[in-house]
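Since the structure comes first, as structure tokens, the remarks are kept for the end.
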Amino acid sequence: MKKYVIGLDYGTDSVRAVLIDTENGAELATSVSYYQRWKQGKFCQPEKNQFRQHPSDHIEGLQQTISDVVRESGVAAETIVSICIDTTGSSPIPVNRDGIALSLTPGFEENPNAMMVLWKDHTSINEAEEINHLARNWGGEDYTKFEGGIYSSEWFWAKILHINRQDEEVKNSAYSWMEHCDYITFLLSDHQDLKAFKRSRCAAGHKAMWHESWGGLPSKEFLSLLDPSLAELRDRLYDKTYTSDEVAGNLNQEWATKLGLTPNTVITVGTFDAHSGAVGAKVEENTLIRIMGTSTCDIMVASNEVIQEKTVKGICGQVNGSVIPGLIGLEAGQSAFGDVLAWYKNILTWPVHNILMNSNAIDDNQKQLLKEEIENNLIRNLTLEAEKIPLSEAIPIALDWINGRRTPDANQELKAAISNLSLGTKAPHIFKALVNAICFGSKKIVDRFEEEGVKINKVIGIGGVARKSPFIMQTLANVLNMPIVVAASDQAPALGAAIYAAVSAGIYPNVQEASRKMGSDFEAEYFPQADQVEKYAELMNQYQILADFTENNTQSKKKQIVESL
Ligand SMILES: Nc1ncnc2c1ncn2[C@@H]1O[C@H](COP(=O)(O)OP(=O)(O)O)[C@@H](O)[C@H]1O
Ligand SMILES: O=C(CO)[C@H](O)[C@H](O)COP(=O)(O)O
């Protein structure tokens, strides 16, 4: 009997399900659902860096996408042996005693503090700084040491500490907190003991300072110095964590009925999108997998022999088994990549939304058509024009820190900047400068891995930008001075999740073998262009000068936070 698995991938804007043949990784059906409340900008305040998502968006998407792929594929329910869920992270959700998201319980329906705190929410910059300060000065273990030495406001404890201080009611009603990947896995699973539930090693290790060497999460003593509520919460979290080749439970009857499946389907331990994306793109040692979308995540795996006692500085963590069980998973990334260009698009379309849409010059239907035409073609036209601009022409210098800097050396307080503007600067010049900036930010990450002794022989790109923008990929190959191949799959993270599902269902003995058999093929390859490489190196020097200037000026604000503690 043929066997199938489902990978469910929660991205920033949408969730997608793929139904995959375990024999060869062929995709039989796929379905995408956009988050409705999120699309309307509900519960978010970008000016305050607040990005919250309502769990109903996720649950509706789950039901729609999985039902779609089951129906469209036409395969029998009993042949679907396993499901694995990957999500963004750190995206924690407060839950009640039964593991139900607080915002799905009476009184909290409209409260953003009771919702999922999306990875890119940076409302807890002060709390992250407080955690860093304490970790370095409390006299005990520096719990940030396997997280690159710097805790980020994108992560678990900083976010919870912030909400607990903001919202007494949520603090008192949240029995526990769950990463998004654990929450959805728990929702589907028949294993309903919250404390014993198998939480994701990937999420806990990269974002919650969980590490075997100190017996799990940071100690109660450390947490109580931050806030007694965190020390109390620790008792209601978890001690052990699990890799995504393991079974979390079976599909519960309620969800089996809703999805048209049976309770024989196994639910695999959850993981993050970037890590499963790496598995979907056949990750192996000395290969850098770049997941290039809204943000980037840069994933590598290395053996214990290579890493030994070393702690790789300034990255988002090194976690045993976060990608492939038995190997150390290393994560780095940029807090904004495609988002830098999305920001610029928003700036340029301001008159469209605020003047054209209020104008009486044309009728509503024409306005709508025009708006869509501009929105749909803007990036493409800017790309065509930017490609034509020679590097010898005065191009502004920009920084990619529009949403802070994730790595190397997390500093979410940093802001972007553009210099070298002149009266001759046109929109495509700025676009080209922004593309250069995101590629220079990428080079800083590659340099850091190599400086820390993690050698990169191969770069693989996956994600929306890798597949949609040859211009960015060519610029990146020139800036890195390395060839880059692009994985052919449109859904590498979901495919990676499906690969984990196949292992947990016992179809393959391990993730490596499953990834080789089921992982994505490759399509385009970009090679560095010798005549451009040197010119980009010169521009990168100017990027570095602007970066140093901006960072030096931001340090004073960081100092103020620490001094106020
Ligand atoms: N042709 C393009 N050129 C440059 N950037 C693009 C292009 N198409 C999409 N993007 C950017 O890609 C990002 C979305 O990436 P995607 O991988 O599809 O989503 P996600 O990051 O949510 O998984 C957006 O920030 C968007 O601005
Ligand atoms: O940090 C992460 C994983 O560790 C986030 O999940 C990721 O950056 C968000 O991904 P995307 O750009 O695909 O929405």
Review point. Once Lys and Arg get +1 and Asp and Glu get -1 on their Cβ, which of Trp138, Gln192, Ser153 lies farthest toward the positive end of the dipole of the stretch 125-202?
Key: Gln192
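For the chain, what is the percent of antiparallel DSSP beta bridges, rounded to the nearest 5? Working shown, then result.
Details: 47 of 67 bridges.
Bridges in the chain are about 70 percent antiparallel.
Taking the highest mean first, how do the peptides 40-50, 103-113 order by number of other beta carbon atoms within 10 angstrom per residue? Write out the running numbers ahead of the final one.
Numbers: 40-50: 13.8, 103-113: 16.4.
The most tightly packed comes first, giving 103-113, 40-50.
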Review point. Which whole-angstrom value gives the distance between the alpha carbon centres of the stretch 209-254 and the stretch 164-208?
Key: 9
Review point. Mind checking Rg over Rh on the stretch 365-501, alpha carbons, Kirkwood formula for Rh?
Key: 1.02
**Study point:** Neighbour-count ranking [beta-carbon atoms within 10 angstrom, fewest first] of His353, His429
**Key:** His353, His429
Check your understanding: Given 0.36 nm per residue, what is the gain on full extension from Tyr34 to Glu221 after removing their alpha carbon distance, in nm?
Key -> 63.1 nm
Exercise for review: Take peptides 155-168, 274-287 and line them up by average Cβ neighbours within 10 Å, highest first, as a rough protection proxy.
Suggested key: 274-287, 155-168
Study note, to complete from the structure: Expressed in angstrom and rounded, the centroid-to-centroid distance over alpha carbons for the stretch 382-402 and the stretch 459-510 is 26
Check your understanding: Using 7 Å Cα-to-Cβ label points, what is the Asp363/Asn510 separation (nm, one decimal)?
Key -> 6.7
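So if I place +1 on the C-beta of Lys and Arg and -1 on the C-beta of Asp and Glu, and nothing else carries charge, what would the dipole magnitude of the chain be about its Cα centre? I want it in debye, nearest 20. Show your work: numbers first, answer last.
Details: 53 positive and 73 negative charges, 87 e Å.
Using only the charged Cβ atoms, the result is roughly 420 debye.
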Practice item. Please list, or write none, the aspartates and glutamates whose alpha carbon is within less than 12 Å of the alpha carbon of Lys240, excluding same-chain residues fewer than 8 places away. Key: Glu212
Exercise for review: Obtain the nm distance between the two label points defined at Asn346 and Asp190 by a simple spin-label model: each point lies 7 Å from its Cα along the Cα-to-C-beta direction.
Suggested key: 4.5
Point to revise | Calculated [θ] (222 nm, deg cm²/dmol) that DSSP helices of n ≥ 4 give over the chain, each run adding -39,500 (n - 2.57) | key: -13000 deg cm²/dmol
Study note, to complete from the structure: Measuring from its Cα centre, the stretch 251-306 shows a charge dipole (+1 at each Lys and Arg Cβ, -1 at each Asp and Glu Cβ) which, in debye to the nearest 20, is 240
Revision key, fill the gap. The stretch 297-367 and the stretch 22-57 have their Cα centres apart by a whole-number Å value of 14
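Relative contact order of the chain, please, whole-number percent, based on alpha carbon pairs below 8 angstrom and at least 6 residues apart.
Computed value for the chain: 17 percent relative contact order.
Where nothing but the Cβ of Lys and Arg (+1) and of Asp and Glu (-1) is charged, how large is the charge dipole of the stretch 99-257 around its Cα centre, in debye to the nearest 20? Let's see the in-between values first.
Working: 15 positive and 26 negative charges, 59 e Å.
It works out to roughly 280 debye.
Going highest first, how would you order 289-296, 432-439 by mean Cβ packing within 10 Å? Please report the intermediate quantities before stating the final value.
Values: 289-296: 27.1, 432-439: 25.4.
Averaged packing, sorted descending, gives the order 289-296, 432-439.
All of the numbers you see were taken from the coordinates with simple rules; none came from a lab. Worth saying up front: this structure is predicted, and the values here are computed from it rather than measured. Here the Cβ is made from the backbone with ideal geometry for all residues, glycine too, and neighbour counts use every protein chain on show.
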